[in-house]
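Here the structure comes first, spelled out in structure tokens, and everything after it is commentary.
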Amino acid sequence: MIPERPDFWVASGHHLVDRIEGGGLVATDAFLQAYLARPELVPPAEACPVERGLHASLLQTPRQAVAADEIALIADPDARENLGLFLAFRDRILAAPTLEAAYLSLVRGDLSGIPPLFLQQLVHLVARNAFDAEEDAHVLRAAECFWRTQRVTIHEGSVLLADQEAIEQHEHARDHSPLLSMLGGPAVSELEVLSPENASRYHGRSDAHDLVFDLTNPTHGRPALARAMTGWIRHLLGVEIAFTPVDAFSEERFAWFIALDAEGTAIGNRVWNGETLSDDQRARLLALFTFTLPDHARIRPDKRGRKAFALLGSTADRLVRIKPQNLIAGLPLAPDAG
């Protein structure tokens, strides 16, 4: 009997959605009800009757239409705003055939009115589907960076990424672990660097986000992030792009570049314009990749087969905030790519 693959990223809520033919995810009533159970949306004891009644009605029928003038009757302005944001997000994801299609519509269109938290949760869920068959724990840990902020530490020549929230949650225990003290956060004994020796335990602790990612490991660092980038684009666009980690920019002419974060955009623009990077910018450049834009109908004809580069940076306070939408919206897609 073949052992069942262990679950991971349970907090994504993937058990609350359905997977349809073709592999995409669709929202269910249970998925929408989980949003309504968030503390920002649950009416407090002192809430007005309109707020309590509307919330109860939505819990019963989460897809029902709600008129703007009905929301306006809610007494608490914060409750009005929170419910309005949820309903706008709900309507946009329900208007698309899949959650993947909804995500593409959002990131290639207008993100105004969409709380960053909702977008992060959608990335988490879509990533759980995209990497469902991925067996390499290092690729999965790299993909966590798509929706979770990382804290950067340079230690003995290695660039280590530790989950920012996990560190903050355990700061009271920092004296117990030299590693976490060095990371500037907690010293929790459970927080350790992901390695081939402990990779088999990744799935069982994936929702704790307490494994540190060594970005500079020659086998499991940047190559794992490259594979995560490839998998993300493949799942959402059906386009295969192989990213190759490199140590420095070459003299080769590039036709395009993708920055994985805001800091990377600033650095990439300087390189693109032929400007010299400052020492600080070089220190903030954490990962550099080259790739060839594929001969695919979704890529602009004038860019197919051309060389390009991708890069990841960090903020001045040594945080990494990857924007996975850049891997989609940042590609030279044909106008009719869909």
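General observations
- Among the residues making up the range 45-68, a single one is over 26 Å from A95 (Cβ atoms), of a type in the set (D, E, K, R) and assigned to a helix (DSSP H, G or I): R52.
- Only a single item in (1) farther than 24 Å from I299 by Cα; (2) modelled with pLDDT of 90 or more is not met by G274, and it is number (2).
- Counted residues, the range 131-159 - those being surrounded by fewer than 22 Cβ atoms within 10 Å (Cβ to Cβ) and aliphatic (A, V, I, L, M): 5
- For the range 218-238, the set of residues classified as assigned to a loop (DSSP other than H, G, I, E, B) and surrounded by 19 or more Cβ atoms within 10 Å (Cβ to Cβ) consists of H220, G221, listed by residue number.
- Search result, residues across the range 281-309 that are under 27 Å from E144 (Cβ atoms) and in a helix (DSSP H, G or I): Q281, R282, A283, R284
- When each of L236, L260, L225 is tested for being touching a Lys or Arg at 6+ places or on another chain (Cβ under 7 Å), touching a residue at least 24 places away in the same chain (Cβ under 8 Å) and under 21 Å from Y103 (Cβ atoms), the lone residue that passes is L260.
- Filtered residues of the range 14-44 (kept if crowded, with 18+ Cβ neighbours inside 10 Å and not in a helix (DSSP H, G or I)): V17, G24, L25, V26, A27, P43
- Residue count for the range 165-208, restricted to those that are at pLDDT 95 or above, buried (at least 16 other Cβ atoms within 10 Å of the Cβ) and not in a helix (DSSP H, G or I): 1
- Residue under evaluation R108, criteria (1) touching a residue at least 12 places away in the same chain (Cβ under 8 Å); (2) open to solvent by 50 Å² or more (accessible area, probe 1.4 Å); (3) of a type outside the set (S, T, N, Q); (4) farther than 19 Å from L237 by Cβ, criterion not met: (4)
- Among (1) touching a strand residue (DSSP E or B) at 6+ places or on another chain (Cβ under 7 Å); (2) part of a loop (DSSP other than H, G, I, E, B); (3) open to solvent by less than 60 Å² (accessible area, probe 1.4 Å) - the single one P245 does not satisfy: (2)
- Enumeration of residues in the range 266-280 that are more than 29 Å from T219 (Cβ to Cβ) and not in a helix (DSSP H, G or I): N273, G274, E275, T276, S278
- Qualifying positions in the range 283-338 - open to solvent by 50 Å² or more (accessible area, probe 1.4 Å) and among the hydroxyl-bearing types (S, T, Y): T292
- The residues on offer are A88, A75, A79, and the sole one that is among the aliphatic types (A, V, I, L, M) and open to solvent by 50 Å² or more (accessible area, probe 1.4 Å) is A75.
- Residues (free of Cβ contacts under 8 Å to residues at least 60 places away in the same chain and either charged (D, E, K, R) or open to solvent by less than 20 Å² (accessible area, probe 1.4 Å) (or both)) located in the range 120-130: L122
- Residue list for the range 111-135, restricted to those being within 13 Å of H235 (Cα to Cα) and aliphatic (A, V, I, L, M): V123, L125, V126, A127, A130, A133
The values are calculated or read from the model by the stated rules, or taken from the named source; none is laboratory data. On a predicted model such as this, the values are computed, not experimentally measured, just so you know. For neighbour counting, all protein chains shown are included, and Cβ atoms are generated from backbone atoms with ideal geometry for every residue, glycine included. For the accessible areas, the whole protein counts, side chains as well, though only heavy atoms, and no ligand, DNA or RNA atoms are used. Shrake-Rupley method; radii C 1.70, N 1.55, O 1.52, S 1.80 Å.
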